[in-house]
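The values are calculated or read from the model by the stated rules, or taken from the named source; none is laboratory data. Since the structure is predicted, the reported quantities are computational estimates derived from the model, not experimental observations. Virtual Cβ from ideal backbone geometry, glycine too; neighbours counted across all protein chains shown. Heavy atoms of the whole protein, side chains included, go into the accessibility calculation; ligands, DNA and RNA do not. Shrake-Rupley method; radii C 1.70, N 1.55, O 1.52, S 1.80 Å.
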Amino acid sequence: NINLKIKKGDKIALMGPSGSGKTTLLNILMGFIDDISGKILVNEKNLKTNLTFWHGKIAYVPQKIFMLQKDIYTNISLKNKVSDKEKKDIDDMLNSFNLKTELMADYGLRKSDEGGKGFSGGQLQRLAIARSLYRKREFLILDETLNALDMENSIKIINDLKKKKDLTVLLISHNDRIASQMNRIIKIKDCKLNES
């Protein structure tokens, strides 16, 4: 029995112990679970009748990241042909995430092995966030997506996300210091939400 209002541009940390319902809440917000009482409204419209629109607005970045056996530009854009302008945009994003230098090989950005083998967990997480931002989604859901990053890189990414005033971010985290960087902290416990 919860009420939650998320405004455009909110940067929210969702915290709670394992099994408290964080993932269930995410699945409800994404429209994957609709067997509920009550309503979920997006811009005053019922989510159930507006799913296609909603799925075009959100990006979900899970803990386990998939990578194609392709170069970084293809992995971020998810396009076979990437223009020079798009490559420059991706380069700028990689630089802002401290990734460009890390991923440079002898002949440019190195390719991914199948499943992302050869990349660290932190590199994969930053690539997945870059992919979501490249696709210009307006609601970003990060499911423990910063847990493989050091604190300095985590805070840098959060600060970059906070600069995007129209971007709404919902971050699941167990780390108090990371959560404290967000504008709102919502804790879930015993099927109740408490904002701090």
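A few notes on this one:
- Taken along the Cα-to-beta-carbon direction at a fixed 7 Å, the label points for PHE53 and ASN95 span 3.8 nm.
- Working from Cα pairs under 8 Å separated by at least six residues, relative contact order for the range 52-196 is 27 percent.
- Histogrammed with a bin width of 5 Å, the alpha carbon distances of the range 1-112 distribute as 2, 8, 14, 17, 14, 11, 13, 11, 6, 2, 0, 0 percent, first bin at zero.
- Computed Rg/Rh of the chain, alpha carbon atoms with Kirkwood Rh: 0.98
- Area accessible to solvent at LYS7, 1.4 Å probe radius, in Å²: 130 Å²
- Under-5 Å amide H pairs with LEU149, H placed in peptide plane, nonlocal only: none
- Carbon/sulfur fraction of accessible area - the chain, other protein chains in place, 1.4 Å, %: 48 percent
- Average projected area [Cα convex hull, the range 112-171], square nanometres: 4.2 nm²
- Taken one residue at a time, the phi angles of the range 120-129 give Karplus couplings (6.51, -1.76, 1.60, θ = phi - 60°) of 6, x, x, 5, 4, 5, 5, 5, 5, 5 Hz. Gly and Pro are set to x.
- Cross-link pairs LYS5/LYS79; LYS5/LYS85; LYS7/LYS81; LYS11/LYS57; LYS70/LYS136; LYS100/LYS187 - those with Cα-Cα distance over 26 Å: LYS5/LYS79; LYS5/LYS85; LYS7/LYS81; LYS100/LYS187
- Per-residue HN-Hα couplings for the range 165-175 [Karplus 6.51, -1.76, 1.60; θ = phi - 60°; Hz; x = Gly/Pro]: 4, 8, 8, 9, 10, 10, 10, 7, 8, 9, 9
- Where only DSSP H runs of four or more residues are counted, the chain gives -9500 deg cm²/dmol as its mean residue ellipticity at 222 nm, each run worth -39500 (n - 2.57).
- Between ILE2 and GLU102, the modelled label-to-label distance comes to 3.0 nm, taking each label 7 Å out from Cα in the direction of the beta carbon.
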